[in-house]
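Each remark here refers to the structure printed beneath this line.
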């Protein structure tokens, strides 16, 4: 008997996990490699960052999800590169894993527009650790504001700048404003937390630019009602520990602040560039691999890139958006093609079905775009709530998240507002003036 | 009008929080100083360490708990010492806080018997970060065991040593055994997690020595049924990254292992020694302050030490145990005496009322000692469950913990088994052989 076809999947996000699970009954041996031992439900990460949920509520152990799938093993490891000729995935500890088909779903992080030195000053929101850092900085700023006696210092500590008006930035800004206006309202004695300033900076002329303009306008009004100051057509030109400098039109302005959160740009995992170089494919400016129409890479028909790391330009001309739905559909598609090839069946084309987009703003407001139907406000928020609950991987998480949302909704509380982990004295000190 | 009496409380654990809340309607100004922004329900910390609960389930923001208590402010800060003559608490950032009455409830950590260098190798279980470290090491050891091909290395990785047979050690050992035997059973492909060895080392001749001998014997049998190997009369003489050396009777043995957890000894906060030196009081061998019969210190009638940091020898001759009930009763008592003094009323004596002890062993087993009534097994576990749920500070936590326990009970799952935070490569590598 021939040994079974070996499918190696790099990354246990939406795309990688979908591919692994699609192969549940396939005559293959699946190896899912991830640096982390859990799948993270990133769309709710901003709620962890703002103390509404715990990390475990939106993360599920990969081994747990796949424990009954006997043809799949999980390997906790760091992928360092690829030997496409030898058909091996190279790990950073010197080990390598042989494959017959390879699916790379290593994801993306935020882009700092050529300023990687901004990253420690303005953390993005991609990992559980990022969420903990943001939670610590936001809550820590209020704590420091409570203690300082210098009005200018207090003003800077109570200024929160969110860079990027996409879904992540809008959701973060809305949640920070809620925190300041309602949750923390009675917690402090020297400061009035509702007086905190939350600024959302967006380079384009509207927020949520992936949505229709009408919904962008509704989101803008909702943000303003929450107390968020939205600055459109505004570019960040400098990020420092104690200020950001922005350019809007011809005017340059420096905003004193201590907490800067980053929700802008996309930067594909470095594995994308390594793979593209090895396969003779190209990467786009964001470091994403430009894939073939079947998600394969260069001339390698058995190597696929899916999800946020892929630039899929074969539908509508521009890259498909970096959202969970694209990753899942690509994961299912690629897994199915591998299976069909084993069975000797012909290849099918990939076609992304846009099932709609949702973004939430604060406690009971959202915008929904289902193409044929666009709506906003409380109904959109209910749709958002329902869909996110259904998509959570584990039944237990659904129950726990639902209960916490109910508490948060009715009490406006956020019980997970813990400051944990190591302190970062270095990044909190203002930089010396020039 | 005279300014109100200022009560400063150092530490927001059981004792400090009880004192602050007792003064709810008192004509005083309370300042509660803590390094952390939350109160931690330590009795359930071992469940966070073994992935059964999330940190936020057993922690409640101090500001949230006290937000409606208008005479109390919370100060997030690190206390460095005391100026008893000037009646000020000194903070590490140079600030100081004046008091009229001072309550120090800074708690204790584990003692490493004069070997502080063992601490990074064998983490104790006192903080949320400790719990995350232990979770990462235990789960990480199974992950490494899955990948290694060296049988001796695998055996060492799957050996878990718990030092100390008190409640913490017994609960940790039971939970790790449950994790290996049931929760992780189907998660790995190369290792059989039920074959993991869990060793519990105790220097005395029985576990849970604070309980009656009959219950110690029951706990021992329950641990053995869970697969824990209990070694009594066994002293740890060396802790290293890849082994522990133990002495039992005359025999010395080296046990190869990669995960060592510490649940032994008590070491009072360093603030105890500073306070005792300033007040002319003494500390015991564990660094706890030997207090007067009214919990005051030395000749200072307005300075009190309560909880784990206090050695209270005036009832039964030996120090009261370091448990939440003692801390709470002392907190209430001291707060009440301060209030009585303000009202010009006479002092009352302190008397600890022992309401009983409980310790749990694994999934549905516990021992209960209420003095007049001792029992074990499932009924004791139900009592343990009920009492811990009631004692949790927040209603929301009670609901969330109950649901997670129900899931854990019926599915034997532990959904919070996430490996998060920074990796610690240094401490995981075996030390070079001599």
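The values are calculated or read from the model by the stated rules, or taken from the named source; none is laboratory data. Computed from a predicted structure; not experimentally measured. FYI the Cβ positions are ideal-geometry reconstructions off the backbone, even for glycines, and counts take in every protein chain you see.
So here's what we get for this one:
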| quantity | calculated |
| --- | --- |
| Failed criterion for residue A:12 (all others in (1) modelled with pLDDT of 95 or more; (2) assigned to a loop (DSSP other than H, G, I, E, B); (3) surrounded by fewer than 24 Cβ atoms within 10 Å (Cβ to Cβ) hold) | (3) |
| Total residues in segment A:154-184, condition in contact (Cβ under 8 Å) with a residue 40 or more places away in the chain and part of a loop (DSSP other than H, G, I, E, B) | 4 |
| Among the residues listed as B:150, B:93, the single one being free of Cβ contacts under 8 Å to residues at least 60 places away in the same chain, within 30 Å of residue B:61 (Cα to Cα) and either in contact with a strand residue (DSSP E or B) (Cβ under 6 Å, 6 or more places away or on another chain) or surrounded by fewer than 19 Cβ atoms within 10 Å (Cβ to Cβ) (or both) | B:93 |
| Boolean, residue A:279 is at pLDDT 95 or above and under 30 Å from residue A:102 (Cα atoms) | yes |
| Test: residue B:73 is under 18 Å from residue A:189 (Cα atoms) and without any contact (Cβ under 8 Å) to a residue 40 or more places away in the chain | no |
| Any hit, segment A:106-124, residues being out of contact with any helix residue (DSSP H, G or I) (no Cβ under 8 Å at 6 or more places or on another chain), assigned by TED's automatic domain parsing to the domain that holds residue A:283, modelled with pLDDT of 95 or more and within 27 Å of residue A:312 (Cα to Cα) | no |
| Selected residue (criterion: farthest from residue B:223 (Cα to Cα)) from residues of segment B:376-389 that are without any contact (Cβ under 8 Å) to a residue 40 or more places away in the chain and in contact with a helix residue (DSSP H, G or I) (Cβ under 8 Å, 6 or more places away or on another chain) | B:389 |
| Wholly within segment B:335-433, helices (runs of 4 or more DSSP H) carrying at least 1 residues that are at pLDDT 75 or above and either closer than 27 Å to residue B:198 by Cβ or in contact with a strand residue (DSSP E or B) (Cβ under 6 Å, 6 or more places away or on another chain) (or both) | B:378-391, B:395-411 |
| Wholly enclosed strands (runs of 3 or more DSSP E) of segment B:212-327 bearing at least 3 residues outside the structural domain of residue B:125 (by TED's automatic domain parsing) and closer than 30 Å to residue B:83 by Cα | B:300-305 |
| Which numbered condition residue A:62 misses (of (1) under 25 Å from residue B:142 (Cα atoms); (2) more than 10 Å from chain B (Cβ to nearest Cβ)) | (2) |
| Residue match in segment A:37-55 (condition: at the interface with chain B (Cβ under 8 Å from one of its Cβ atoms), without any contact (Cβ under 8 Å) to a residue 12 or more places away in the chain and closer than 30 Å to residue B:59 by Cβ) | no |
| Failed criterion for residue B:392 (all others in (1) farther than 25 Å from residue B:320 by Cα; (2) touching a helix residue (DSSP H, G or I) at 6+ places or on another chain (Cβ under 6 Å); (3) within 14 Å of another protein chain (Cβ to nearest Cβ) hold) | (1) |
| Any hit, segment B:26-37, residues being under 30 Å from residue B:285 (Cβ atoms) and not in a strand (DSSP E or B) | yes |
| Given (1) within 14 Å of another protein chain (Cβ to nearest Cβ); (2) more than 16 Å from the chain's Cα centre (by Cα); (3) farther than 18 Å from residue B:419 by Cβ; (4) touching a residue at least 60 places away in the same chain (Cβ under 8 Å), number of the condition residue A:7 does not satisfy | (1) |
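Here is a yes/no grid of residues against (1) out of contact with any strand residue (DSSP E or B) (no Cβ under 8 Å at 6 or more places or on another chain); (2) touching a residue at least 12 places away in the same chain (Cβ under 8 Å); (3) surrounded by 16 or more Cβ atoms within 10 Å (Cβ to Cβ); (4) over 30 Å from residue A:412 (Cα atoms):
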| position | (1), (2), (3), (4) |
| --- | --- |
| A:189 | no, yes, no, no |
| A:194 | yes, yes, no, no |
| A:207 | no, yes, yes, no |
| A:218 | no, yes, yes, no |
| A:223 | no, yes, yes, no |
| A:229 | no, yes, no, no |
| A:236 | no, yes, yes, yes |
| A:258 | no, yes, yes, no |
| A:261 | no, yes, yes, no |
